[in-house]
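Heads up: the structure comes next, in structure tokens.
The values are calculated or read from the model by the stated rules, or taken from the named source; none is laboratory data. Just so it is clear, the model here is predicted, and its values are computed rather than measured. Because the Cβ atoms are built from the backbone with ideal geometry, glycine has one as well, and the counts that use them run over all protein chains shown. We work out accessible area using only protein heavy atoms, side chains counted, and drop any ligands, DNA or RNA first. Shrake-Rupley method; radii C 1.70, N 1.55, O 1.52, S 1.80 Å.
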Amino acid sequence: MSEKRTVRIGHEGGTPREVEVEVPDGEPAIWDAGTRLQVAGSRAPRLDGVAKVIGAARYTYDISLPGMLHGRVLRSPHPHARLLGIDASKAARLPGVRTVVTFERADFFAALGETDEAGKAIEKDEGAAKLAEARTIRFAGEEVAAVAATSADIAEDALALIEVRYEPLPHVVDLEAARLPDAPKVYPAGNTQPPTVRERGNVQAGFDEAAAVVEGTYRTPVAVHHALETHGAVARWEGARLTVWSSTQGVFGFRDDLAKFFGIPSASVRVISEYLGGGFGAKFGAGITGVVAALLARKAGAPVKLMLDRHEESLATGNRPNSVQWIKVGAKRDGALTAIHLKSHGTGGIGGGAGVSRPVRLIYSCPNVKTEEQDVHTHAGFAMPFRAPGYPQGSFALESALDELADRLEIDPLELRRKNYIDKPGKALMREYEVAAGAAGWSRRTRPARPAKADGRIRRGFGLGTALWPMYGGPPADAAVTVHPDGRVECVCGTQDIGTGTRTAMAMVAAEVLGLRPEEVKVTLGDTATGLYSPASGGSVTLTTILPAVRTAVEGVRAKLLQAAAPALGGSADDLVMAEGSIRRRDGSRSLTLAQAAARTKTAGVKAQASRAENYKGTGVESYGAQFAEVEVDTATGRVRVVKVVAAHDCGRLINRMTAESQVSGGVIMGLSYALLEQRFMDGPTGLVLNPNLEDYKIAGPLEMPEIVPIMVDVYDPANNVGVKGLGEPPVVPTAAAIANAVSNAIGRRVRELPITPDRVLALLRGED
């Protein structure tokens, strides 16, 4: 059931207007443009900040249990091979080794999930494994066997004793080589899939109408997530019950994967992730790491810790696919776009996910758009979602083409984007263009000079790009809030805090409703044992999904407390307010503490639980942002120095301005690193990753840091009772594009490939496109 409500929508710097929305029954009053809040929207330090700084926060790596063993995984050295047999007898006899498991069968992991009539997982015997079809290895680094031993060193020694017989097969790791008809096949069906084609309008008619047309081919590299904390898990069995501490972005998905694999009820699996050292999309589900940790623990009859090292992290935990994008864009004389045509292909290794077209299809107004995208398989590690999957690649090609088009038309690139703005109620992008351009000093930008006509060794340039990210958050999610008899307030949700400040945001919503300070609210999360479901944290959904449930729950507690306090304070609940940790009459004449009010309920605490309602109909647009970059290019060395990045973003109603700005700054840093440094290199003859470490795989550090100016624009466009939207993805979307446009503006040559390394800059200056 639902009801119609009138809400005020708008954005900071604009004039709110009233719209009618359809709201599920039972929702509290909506925090819209007319709502004035005290805690939400302020700058609050992270509740877990001190714990992290002093080392008190316990990550999965820090977990140590009595009798715990150490797991290690043996990985294939071949990019493509048939696994003929494994002899682990020597490893099993090594003193200190408690168990060895081998993965010979092609269906090994699926087979272990089979159960007997009592629901107990069936162990496959050695003879059955030998009769099974030989397993095909498809990338160097794929799991072959695992051991658990009393120390990590003994486990490592045991791996060296495992004898594996391989039949090496032809391989291909190069994107273009994999597309050739005679290329070694990754899968029997071949290495390419039919392109995914999407079209609106008629692109040829659009190009015929254009006064100017530009086209070019743009390339982006494979990038690796490289979260500071690697993948890992600590698993412990107690009879038929399994507890796992894991570095995961989704405790409930991790739990369900293990339950399915071992053929046991989900209620028999508990997954804990109190702190997470980064994920960026690579840590969804149990994965092989989680399954192997639990498998070793069950077979050894002891807890097992399995943490991957940096080398393994580089090979077998995911990556951002590369791309080759041909894009053609046409516009009228005034800059109005008439047509965009994109053809792209890329590789996610043995996986997929190389699509890049959403920026082309979603950000700017254009009547005629056609996109053609193709996944290409290679003998390399699989792709995983990586912060705004497909968007940074697609943004680089699109925004570069738009800048080139603007120069061709002799139009300011910012004005071209404004010309093709898609207007929507509650959208603040025009405001973001305005404030970011002013803070960036955009008026100093000049049209790019050809290298032969420019003076000076150091050239300065300016570029911009636009961010967009859809609003994906919604049900299901559950939360509970309790005021204990002593007045302590606890807010509980099963969700994980992946480092973005979820704990603090939950506390701020509860504090807003109950008249408290955030630090007066205890937050419990990251544990499936709470029984309060939350989806995985990815796609910028966490706060959008859980905070409305938190608010509904805390409003329920508030109503119960006011009802209990009213008789003692002489009036009705409507006569009371909650502030500074107490409940008092509006005239201030009488008050009760939370503990006194809770005691009047004659229960063991006042509690309310709530579930996330459906998104409202009639409001809720995407999150947007505008980013401007200023760079200096040394024309003698080719070195690019990013001087300043201004990033103006919205995320609906701000909850914590401090962590929002931190999120934007982090996205800018990641985007800068992608623009200038990051690239996975593969060796064609051997099929191996050449830079599987953080020495040869370059990531931006303090020396690369520019001045970063995050600007948050409040948007009141509530699709839920809090009005919050996602912010994790948007800041990384246009950063590389803005930097590339700034470099192109500085040197007078179009940057068409990432990363923008000194050798590529020098080649451009020599006229080598």
Leading residue by the ranking (nearest to PRO470 (Cα to Cα)) among those in the stretch 531-558 that are in a helix (DSSP H, G or I) and open to solvent by 40 Å² or more (accessible area, probe 1.4 Å):
LEU543
Report yes if THR686 is polar (S, T, N, Q), open to solvent by 50 Å² or more (accessible area, probe 1.4 Å) and either in contact with a strand residue (DSSP E or B) (Cβ under 8 Å, 6 or more places away or on another chain) or in contact (Cβ under 8 Å) with a residue 60 or more places away in the chain (or both), otherwise no.
yes
Go through (1) at pLDDT below 95; (2) more than 20 Å from ALA719 (Cβ to Cβ) and name the single condition ASP527 misses.
(1)
Check on ASN720, in contact (Cβ under 8 Å) with a residue 60 or more places away in the chain, within 23 Å of the chain's Cα centre (by Cα) and open to solvent by 40 Å² or more (accessible area, probe 1.4 Å)
no
Considering only residues that are closer than 30 Å to LEU688 by Cα and surrounded by fewer than 24 Cβ atoms within 10 Å (Cβ to Cβ), which ones fall in the stretch 331-344?
LYS343
Quick one: in the stretch 240-272, of everything that is part of a loop (DSSP other than H, G, I, E, B) and either modelled with pLDDT under 95 or farther than 17 Å from ALA297 by Cβ (or both), which residue is most open to solvent (accessible area, probe 1.4 Å)?
PRO265
For the stretch 53-75, what are the residues that are under 25 Å from the mean Cα position of the chain (by Cα) and open to solvent by 70 Å² or more (accessible area, probe 1.4 Å)?
VAL53, ARG58, TYR61, ASP62
Of the numbered conditions (1) open to solvent by less than 10 Å² (accessible area, probe 1.4 Å); (2) assigned to a loop (DSSP other than H, G, I, E, B), PRO476 satisfies every one except a single condition; which is it?
(1)
Reported set for the stretch 221-239 where residues are assigned to a loop (DSSP other than H, G, I, E, B) and either hydrophobic (A, V, I, L, M, F, W, C) or under 19 Å from VAL292 (Cβ atoms) (or both) is VAL222, VAL224, ALA227, LEU228, GLU229, THR230, HIS231
Tally up the residues in the stretch 598-608 that are in contact with a helix residue (DSSP H, G or I) (Cβ under 6 Å, 6 or more places away or on another chain) and in contact (Cβ under 8 Å) with a residue 60 or more places away in the chain, please.
2
Taking only the stretch 76-98 into account, find how many residues are within 21 Å of HIS379 (Cβ to Cβ), surrounded by 16 or more Cβ atoms within 10 Å (Cβ to Cβ) and touching a strand residue (DSSP E or B) at 6+ places or on another chain (Cβ under 6 Å).
5
Output for the stretch 189-214, where each listed residue is within 31 Å of the chain's Cα centre (by Cα) and either under 19 Å from ARG310 (Cβ atoms) or modelled with pLDDT of 95 or more (or both)
GLY190, ASN191, THR192, PRO195, THR196, VAL197, ARG198, GLU199, ARG200
Scan the stretch 489-521 for residues that are open to solvent by less than 10 Å² (accessible area, probe 1.4 Å) and touching a Gly at 6+ places or on another chain (Cβ under 6 Å) and jot them down.
GLN496
May I ask you to list the residues in the stretch 72-104 that are part of a strand (DSSP E or B) and over 18 Å from LEU306 (Cα atoms)?
ALA81, ARG82, LEU83, LEU84, GLY85, ILE86, ASP87
Would you confirm whether any residue within the stretch 314-325 is open to solvent by less than 40 Å² (accessible area, probe 1.4 Å), at pLDDT 95 or above, more than 22 Å from SER537 (Cβ to Cβ) and part of a loop (DSSP other than H, G, I, E, B)?
yes
Considering only the stretch 559-657, give the strands (runs of 3 or more DSSP E) lying wholly within it that have at least 3 residues that are over 30 Å from ARG749 (Cα atoms) and either open to solvent by 60 Å² or more (accessible area, probe 1.4 Å) or out of contact with any Pro (no Cβ under 7 Å at 6 or more places or on another chain) (or both).
576-579, 582-585, 591-593, 606-611
Counting only residues that are open to solvent by less than 10 Å² (accessible area, probe 1.4 Å) and either among the hydroxyl-bearing types (Ser, Thr, Tyr) or outside any loop (DSSP other than H, G, I, E, B) (or both), the stretch 747-769 contains a total of 2
Could you figure out which of (1) open to solvent by less than 50 Å² (accessible area, probe 1.4 Å); (2) among the hydroxyl-bearing types (Ser, Thr, Tyr); (3) assigned to a loop (DSSP other than H, G, I, E, B) isn't true of THR466?
(3)
Here's a check for you: in the stretch 16-41, which residue that is open to solvent by 40 Å² or more (accessible area, probe 1.4 Å) and outside any loop (DSSP other than H, G, I, E, B) is farthest from LYS617 (Cα to Cα)?
ARG17
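Condition check ((1) modelled with pLDDT of 95 or more; (2) outside any loop (DSSP other than H, G, I, E, B); (3) open to solvent by 50 Å² or more (accessible area, probe 1.4 Å)) across all residues:
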residue	(1), (2), (3)
ALA118	no, no, yes
VAL147	yes, yes, no
HIS171	yes, no, no
LEU180	yes, no, yes
Would you check if there is a residue in the stretch 716-726 being acidic (Asp, Glu) and modelled with pLDDT of 95 or more?
no
